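Have a look at the structure below, then the notes.
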Amino acid sequence: MEQTVAADVSFDRWYRSEHSRMLALLTVVAGDADVARDTTAEAFTRALERWERVGVMASPSAWTYRVGVNLLRRRGRRAAFEMRLVRDPPRPVPPPAVDADLWAAVRALPVRQRTAIALRYLCDLPQREIAAVMGVAEGTVSATLTAARRRLADELRVVDEPAERQEVRP
């Protein structure tokens, strides 16, 4: 147990000292800050999973940098392969304009309800497919969407109604 605690402390210290360098490296290589953040997180996750071996290497940083660069290369190859498969790639569609109050209300929902709402109304998936994505029964999706819509309606009604018309709820 003591060795595990020491390994955790050692990983934490190393992570704190190397994270910004790894992120900078991968940002330059990827040319995309979001991709770099995702890849940096994945590289450090892999280092942590193998820390007993990686932590005793001459340069854990070099190993992790290599993992990060390889992840970017793999991502690039996958993207190139996908582009070859798709003769007429879809053009990016901007997300629908969403009212700020509505978005705030959706963000306030519990994770399951928020996920179901996003899959239904942003991805336009039917309940059967939402159930498959979420790993729940179709009836659970139906109940989750119903509860989420009720909660959103209550929240947005309170925001939209003038103060003198708002009900006081126990």
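List of remarks:
- Residues Thr39, Thr140 arranged by fewest to most Cβ contacts within 10 Å: Thr140, Thr39
- In nm, spacing of pseudo-spin labels at Ala100 and Arg157 (7 Å Cα→C-beta vector): 2.5 nm
- Semi-axes of the equivalent ellipsoid for the range 2-85, computed as √(5λ) from the eigenvalues of its C-alpha gyration tensor and ordered from largest down, come to 27, 13, 10 Å.
- Here the simple spin-label model places points 7 Å from the Cα toward Cβ, and for Val111 and Glu42 these points are separated by 2.1 nm.
- Here the 3J(HN,Hα) profile of the range 72-83, calculated from phi with Karplus coefficients 6.51, -1.76 and 1.60 at θ = phi - 60°, is 5, 4, 4, 4, x, 5, 5, 5, 5, 4, 4, 5 Hz, Gly and Pro shown as x.
- Listed residue (Trp51, Val35, Gly76) projecting farthest to the positive dipole end of the range 2-85, Cβ model: Gly76
Taken together, the values in this text are just the output of simple stated rules run on the coordinates, not laboratory data. Computed from a prediction, not measured in an experiment: that's the story for all the values here. Heads up, the Cβs are rebuilt from the backbone with ideal geometry, glycines too, and the neighbour counts pull from every protein chain shown.
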